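**Student:** The structure is given below, and queries will be raised subsequently.
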Amino acid sequence: MDQFTRNITLKERPTSESRPIGRFFGLRMKFVVLFSMILIMTCSSLSWYFIETRRQALTDNLEELGTILLTNTVRNEHFRVAGVVLEDRVTLEQFIQSLMAIDHVVYVVIAASDGRILGQQSKRIRRSPNGFSPATEQPLYLNDHISQSLLQAPLTTPLITQVVLSSEETLVAQDESSDWLLPFLIGKETLFDFAMPILRESQAAPPRPQLSVELEEKTGSALLRTTSPVIGLVRIGITDVQAKEALLVIVRNVSILTMLIIMGGILGAHLLTSRITTPLRSLANAARQLAMGNDAPVPLAPFTNDEVGELTHAFNVMTQSLHDRNQAITMNLETIRRQVKHLTTAHQASAAIAGANMLDMNQLLDTVLALLVDNLGFSRMTVFLHHPDRNCASLARIIGVSSEITEAIRRIDIPVVDNGGITAELLLHGKPVLIQDVETATQRMYPPILEMARRSGVQSFIAVPLQSHSKIFGFLAGDRGSRQCNEEDLHILLTIAGHVAAAIDNAEAYSDLTELTQHLEERIEQRTEELSRANTQLQEHDRRRSTFLSVVSHELRTPMTAIRSFAENMLDGVTGPLTELQHTYLTRIQHNVARLGRIIVQLLDWSRLDTESVQLRLEEVCIHQITTITADSLQMVAGEKTVTLTVASAESLPPVQGDRDKLEQILWNLIGNAIKFTPAGGRVTVEFCMSPPGFVQTCIADSGCGIEPSHLPNIFEEFSRVPSAMPTSQGAQLGLCITKTLVTMHGGQIWVESQPAVGSRFYFTLPLAGSQDEPS
């Protein structure tokens, strides 16, 4: 009950999970940060790509400009006509001035074929450090080794070289393959040196229109190798300062545009996430109020009609449902507490009944009545027991009344008559009774009981039958003093009455069982004494039987020996010649005397085995050797019947654990039976094998008359009287019983397989020497 109350009121206790969650790392911030990172990376990548494209385009424009200027200069008709300009200084200076007038041109150098400088101008000054002396200023030109190499190699396309001016305005040579480093050298001036030799008119390429010169790669230039084809050299230096200034303007504009796009995207993401997180935050606050114990939070107004709005509506429905459910739980809590108290009382009553002494019924009833009064609020409780033999009911126990009234009620026997009264309803029909007012049921109550109820102050009461397994043992009744009893009291009393009735039933059954047990013990003791006397008589009879068999066997052997001797002498002709009929009779006498001798021997063996007086002398023996010896002894018998007896060879057969004499007896019985039940011209075979593991299996097979399948289960029983196709060969039928007993004593098994008119196969197994414990 306490645990259930704690579970119901747990929502009133704030937990650590109800603390407000910081909004800095809320869903809005995470979404904005993620969107901002994606937007920044995307815009930055696009801006970088655009700027890099523009930078490459500006660089290509500079290279194209230098190539056009140099090509048009070199291929001018004044240079191609035997170098007229090269000898005219005035015209040469005009060419140089026209080239220097272009903003991107830094310097112009024109040299003769022998390397002499015919004319040069430069817009840049190089300050070269010279130890501790002041730096010297010189015009800026590229090293002359490029000019020397071009005078020896008559290229038809310009040779382009990039150089970067350091902060001290020293030259740093750069290869064209390092163009990708230029973005990292921003702030330093880059010079493009364009150089191209002036060729003679006969070696020069066909004339081309100006501003339409095709650019070729340096590695693919074709060298014209003739005798002194070069008459001069022109070098033009072009700077990228103007291009970088234009690029910086582009970078500034693109950066401003990128920042505006990023800020606009972040603002849009913030506004979009606000429309999602604001309703979610409201839902979280409302859920937090529910967790803190507010059963009816204010309904939330949906901000939108999308999924978030649907979630808000569902949350409002859920909170209202929780509120209604909590109210229902609160209304039913008191009812549940009462029911739990009733169940607790029923459980305690069951525990008391289970732990009570079955023979002390008064103590059991006192415990149950006290529990009902203390836990369920009854004022008085009583138990009446039914006595079918007297057809009445009397008081068993009562609690809550004075001793005077108790003694008065004990002297009352309520008659059980089917007259429509309360007693008949309870004890004859097994129906519970709820009386709201005693005065309305005076006609149905037994008058002495009605008087006792009025003296005790009973105004309303309930009574339920004590019924178990369709048997009514009495009834249980109680009242609540001045309060009326109700249906709930009736139900709980019915539950407890069932347990009390089961306890009474068990007590009566236990009493009957105790009485029956005592009677059985007396009978068992009597029967044990009788069986002991019978066992003593049986032992005496068995001893006398054994003595009788032993005496009779010995007494019969003496006349049998005399009869066999006289018959053999007469057959041998000692008494004179015999007629054919006399010879036949004497042969029959000899055969039956031998048969009677075998029966006597079997009776003696069976008697000893039956009294367990036979002990085995176990040793390691060769079953094949014993079988061979036994078969040799029976060869004469087999020869008389013209039966072929053979023993299969078994050279690698391991020794077995057995008693040599008993094994010879087993083999003698089995082989002898096979010969006896095999007709003339038949065959008897003895075979050996290792099966199952740890055992040697011996098989005696014959081609005799066989055994019916219905008689096989009884073949090894004593005196089984199994019918045979050769009845003259049957004896006392103890041989197979003795054989099975001896095989079992050795720890083996024996069985038979047989078909009528086909033959039989007897199998027995013996354990290998040392493979198991010694047989008992």
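**Student:** Expressed in nm to one decimal, what extension gain is obtained for the pair L27 and A757 from 0.36 nm per residue of sequence separation less their Cα-Cα distance?
**Tutor:** Numbers: separation 730, 0.36 × 730 = 262.80 nm, distance 9.97 nm.
My answer for the length gained is 252.8 nm.
**Student:** Can you pull the Rg over Rh of segment 479-550, Cα-only, Kirkwood? Show your work: numbers first, answer last.
**Tutor:** Numbers: Rg = 29.4 Å, Rh = 17.9 Å.
Here Rg/Rh amounts to 1.65.
**Student:** 7 Å from Cα along Cα→Cβ at both A594 and S282: what's the point-to-point distance in nm?
**Tutor:** Result: 12.3 nm between the two label points.
**Student:** If we count every other residue with Cβ under 13 angstrom of R252's Cβ, Lys/Arg +1 and Asp/Glu -1, where does the sum land?
**Tutor:** Residues close to R252 contribute a combined charge of +1.
**Student:** Based on Cβ point charges of +1 for Lys and Arg and -1 for Asp and Glu, what charge dipole magnitude is obtained for segment 315-439 about its Cα centre, in debye rounded to the nearest 20? Kindly include the intermediate steps, with their values, before the conclusion.
**Tutor:** On the way: 10 positive and 13 negative charges, 77 e Å.
My answer is approximately 380 debye.
**Student:** Over segment 379-461, what per residue volume does the convex hull of the Cα atoms give, in whole Å³? All intermediate terms of the calculation are to be shown ahead of the outcome.
**Tutor:** Numbers: hull volume 7.5 nm³, N = 83.
Measuring per residue, one finds 90 Å³ for the Cα hull of segment 379-461.
**Student:** Which of H519, G457, S532 sits farthest toward the positive end of the charge dipole of segment 457-594, with +1 on the Cβ of Lys and Arg and -1 on the Cβ of Asp and Glu?
**Tutor:** The Cα lying farthest towards the positive end belongs to S532.
**Student:** So, one more: Sort 367-379, 412-424 by the packing proxy (mean of other Cβ within 10 Å over each peptide's residues), most packed first.
**Tutor:** Numbers: 367-379: 18.5, 412-424: 16.5.
The most tightly packed comes first, giving 367-379, 412-424.
**Student:** Also: For H429 paired with N61, estimate the spin-label separation in nm (one decimal), with each label point 7 Å from Cα along the Cα-to-Cβ line.
**Tutor:** Placing both labels 7 Å along Cα→Cβ, they lie 11.8 nm apart.
**Student:** Return the long-range amide H neighbours of L191 (sequence gap of 5 or more, or a different chain), with a cut-off of under 5 Å between placed amide H atoms.
**Tutor:** V163, V164, L165
**Student:** Also: Report the gain in length on full extension from R454 to H347: 0.36 nm times residue separation, minus Cα-Cα distance, nm rounded to one decimal. Present the calculation step by step, with values, prior to reporting the outcome.
**Tutor:** Numbers: separation 107, 0.36 × 107 = 38.52 nm, distance 3.27 nm.
Stretched fully, the R454-H347 segment lengthens by 35.2 nm.
**Student:** I need the calculated FRET efficiency for the pair I40 and L272, taking r as the beta carbon distance and R₀ as 22 Å, to the nearest 0.05. Can you show the working numbers first?
**Tutor:** On the way: r = 17 Å, r/R0 = 0.79.
Approximately 0.80, to the nearest 0.05.
**Student:** Another one. What accessible area per residue comes out for segment 464-547, rounded to a whole number of Å², with a 1.4 Å probe? Walk me through the numbers before you get to the answer.
**Tutor:** Values: 5350 Å² over 84 residues.
Per residue, segment 464-547 has 64 Å² of solvent-accessible surface.
**Student:** Run down the lysines and flag those whose C-alpha is under 29 Å from the C-alpha of K123, throwing out any fewer than 8 positions away in its chain.
**Tutor:** Counting by Cα, and skipping residues close in sequence, K123 has these lysines nearby: K188, K218, K244.
**Student:** Please compute the length gained on full extension between T646 and W668, using 0.36 nm multiplied by the number of residues separating them and subtracting their Cα-Cα distance. Walk me through the intermediate numbers first.
**Tutor:** Numbers: separation 22, 0.36 × 22 = 7.92 nm, distance 1.41 nm.
Additional length available on full extension: 6.5 nm.
**Student:** Shifting gears a bit: What dipole magnitude, in Debye to the nearest 20, does segment 457-581 give about its Cα centre under +1 on Lys/Arg Cβ and -1 on Asp/Glu Cβ?
**Tutor:** Values: 11 positive and 19 negative charges, 60 e Å.
Taking the Cα centre of segment 457-581 as origin, the dipole is about 280 debye.
**Student:** While we're looking at this one, here's another question. Cα to Cα, under 22 Å, and not fewer than 8 places away if on the same chain: which lysines meet these conditions relative to K662?
**Tutor:** By straight Cα distance, K662 reaches K676, K740.
**Student:** Run the quick spin-label model on N326 and Y49: label points 7 Å from Cα toward the beta carbon, then report their separation in nm to one decimal.
**Tutor:** Result: 5.7 nm between the two label points.
**Student:** In segment 448-477, which residues have a backbone nitrogen under 18 Å from the label point lying 7 Å from D512's Cα in the Cα-to-Cβ direction?
**Tutor:** Of the residues in segment 448-477, 466-474 have backbone N under 18 Å from the label point off D512.
The values are calculated or read from the model by the stated rules, or taken from the named source; none is laboratory data. Computed from a predicted structure; not experimentally measured. Every residue, glycine as well, gets a Cβ built from its backbone with ideal geometry; the counts of neighbours run over all protein chains shown. Ligands, DNA and RNA are excluded from the accessible area calculation, which covers all protein heavy atoms including side chains. Shrake-Rupley method; radii C 1.70, N 1.55, O 1.52, S 1.80 Å.
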